[in-house]
Every structure is written in structure tokens, then in C-alpha cells.
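Working notes, structure below.
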Amino acid sequence: MNIRPRRNRKSEAVRRMVEETKVTTDDFIFPLFLLEGANDKIEVDSMPGIYRLGLEKILKEIEVCLKLGINAFDVFPVVPEHYKDKAATKSFDPNFFYQKALKRIKSEFPEAAIMTDVALDPYNSDGHDGLVKNGEILNDETLEVLGKMALAQAEIGIDIIGPSDMMDGRVAYIREVLDDNGFTNVSIMSYTAKYASAFYGPFRDALDSAPKKGDKKTYQMNPANQREALIEADLDIEEGADFLMVKPALAYLDVIKLLKDNYAQPIAAYNVSGEYAMLKAAGMKGWLDYDRTMMETLLSIKRAGADVILTYHAKEFALLTKGK
Ligand code: PBG
């Protein structure tokens, strides 16, 4: 045998030398859930270790994470039911607690990259990402609200806008609104291939944002489809997206690879709430080694082609690898 692949696996030093993929905290965006009460802290039942935090607590958390090398955060609001309405008006109200909190976060940590979601579901009494009329999710009418929401976020100083709504034409619409108002430097990370997935369950628990009626299948993609992701990606590129995201990550590694092979833009993957919950639950039961399966999972997402990973594991990863 003159080829023995095991020679390159013979010691830790050699293994590390030939390692093809490395995950670091630079790759992460850490999703955070914001509560209205500034000092509140409530764990998400289906995501042990992940908390909904009030502004003061979130500021502390960001400070700790920055020290651990996590530089980017995606902040989602937990909107109490009485603020929700058909038109999702709080989504673009600069005096709402969410927008005010974002402003404070940006002023305390100008160096952090702050991302926000653009979709109606946390603010909308229907719990859908778009406006609902007679049971139908309206596309073009929704764009107007998305534009207002994105503009309100840009005015606060948000670095990356993340349209997660899956309406057609949203990236172009938002890009134009931002540019017309002088926000040419605000980035758009489009949720390009966002599937109608059951893995979002714990997130909807965290935000209490599940649809009141029906499902999201008329706008989010069918999990059976891969080529359709190319249609979405072509449109996003044409419309001016700076990043293409695939969501969820684990059951869609083929889609991450497909986009990576076809586009030069950075590819992001959202390692979603249900994926976090699966590992946590099995780890807590002692059925899996949580730390090792977490590392392996993140590695698989990067290996598939993700340049950026939105993950609830970000802080645990940072703590585990600190000093290594
Ligand atoms: C809102 C949104 C969702 C997630 C991110 N933005 C839920 C959904 O579309 O129903 C899911 C994130 C996760 O599960 O971690 N449109």
C-alpha cells in the first residue's frame, strides 16, 4: 500500500494541520430575544439555556459575548399580544420599546454588527409574515409595510436588515426604500431559501408568534424543493442582496452547498430553534454528548458552505473553545 490515509490522522498535531474546515466565533450571528420589561429574564421552555431578556439584561449579554469574540447579533422582539394589530403598526413605530432598545444597543456597542428581522409575524394579530385578507397572505400590499419597517430599523443604525417574510420582490423594494433615504450602506441579508419547516416551533414559542390560522406554505418554500432555491437566489442577487441565507440549516445542507457552488456572495445558514432544541433535549437526557454534537453540527454547516452561521449555540461554543 503506498497510499495510507491514516498517516494524516496519526496525531492531534497532524490532524489539526490537515483540517479542512474551522469554525470560529467570527462566523456567528447570535440571535437574542428582547422583552419589554428592562430587567426581565425568562427562559424559553423548549430552548433550555436560551432566555428572553429585557434591555438591561441584553446589554449585559452583548457585552459578555463581545468579550468572547462574538461580534454580531440578531435581535428579535417578544411583542405582547395587546400591541398586535392587523397592520403590524408597531413594526415601524420608532417609539415602540423594540426600536428604542435597538437604538440603545447600537449606541452602547457601535462596534457590534446588529441585525434585525423584517417580517410582520411578531407584530401582526394574524401571526403571519404578511398582511392577511380573507385568509390570503397579500404580497404587494405587504411590501409597503416591510419597507417602512426596514427604514425604521435603518434610521436606528441597524447594520444588516434580514427580510425573513418570503414575499416576492421584497429585496428590491427594501433596497430602493433604503437607498432613496440615504441608507446605501445598510446591508440586506435575504432569507433566500426559507422553508416551511417544523423546526421553527421553539422560536414561535419564544416570541409567541405562531400563525393564528393556517400555515406558511403559500410563502415559505416546500421542503421537497432544491432547484427552486436557485430561482429565489437569482432574484435576490438581481434585487441587491448582500448575503443569501438558507434556513433551516441541518436538513438543508444540500441547499447550502448548492448556493455556495453557484454564487460568489457570502452564504449564511440559520441553525434554527428546533435544531438547537433537539441537541439540548438529547444532551439533557444523557443520550448524546451535547458539546461534541454541537461542535460537529456547526462544523457540518460550515463544511457544506456556510460563511455565516446564525446559531443559538454561539455563546456555548465560545465558552467551550475559549483559549483553545
Ligand atoms: C419570522 C422568523 C421565524 C424565524 C426567524 N424569523 C419564524 C417563522 O418564519 O415562522 C425562525 C427562527 C428559528 O426557528 O430559530 N419570520
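The values are calculated or read from the model by the stated rules, or taken from the named source; none is laboratory data. Please read all numbers here as calculations on a predicted model, not as lab measurements. Every residue, glycine among them, receives a Cβ derived from its backbone with ideal geometry; neighbour counts consider all protein chains shown. The protein model used for the area step is the full one, side chains on, heavy atoms only, and it has no ligands, DNA or RNA in it. Shrake-Rupley method; radii C 1.70, N 1.55, O 1.52, S 1.80 Å.
Below are the figures for this structure:
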{"read-out": "Inter-centroid distance (Cα atoms) of the range 271-324 relative to the range 120-192, Å", "value": "30 Å"}
{"read-out": "Built amide H within the under 5 Å cut-off of residue 32, gap 5+", "value": "74, 75, 76"}
{"read-out": "³J(HN,Hα), Karplus 6.51/-1.76/1.60, whole Hz, each residue of the range 162-175, x for Gly, Pro", "value": "x, x, 10, 7, 6, 6, 6, x, 5, 5, 4, 4, 5, 4"}
{"read-out": "Heavy-atom accessible area per residue - the chain, 1.4 Å, Å²", "value": "47 Å²"}
{"read-out": "Residue 208-residue 45 pseudo-label distance in nm [points 7 Å out on the Cα-to-Cβ vector]", "value": "1.3 nm"}
{"read-out": "Rg/Rh for the range 20-321, where both radii come from Cα atoms and Rh is the Kirkwood radius", "value": "0.93"}
{"read-out": "For residue 50, distant residues with modelled amide H under 5 Å away", "value": "44"}
{"read-out": "Accessible-area composition of the range 1-107, carbon plus sulfur, in percent [1.4 Å probe]", "value": "51 percent"}
{"read-out": "Pairwise Cα inverse-distance average, inverted: Kirkwood Rh of the range 43-186 (Å)", "value": "15.9 Å"}
{"read-out": "Paramagnetic reach from residue 125 in the range 78-107 [backbone N under 16 Å; point 7 Å along Cα→Cβ]", "value": "80-91"}
{"read-out": "Residue-by-residue Karplus 3J(HN,Hα) for the range 46-53, coefficients 6.51, -1.76, 1.60, Hz, glycine and proline x", "value": "8, 9, x, x, 10, 10, 7, 10"}
{"read-out": "Over 31 Å between alpha carbons, listed pairs 260/322; 10/67; 22/194; 67/148; 216/302; 22/212", "value": "10/67; 67/148; 22/212"}
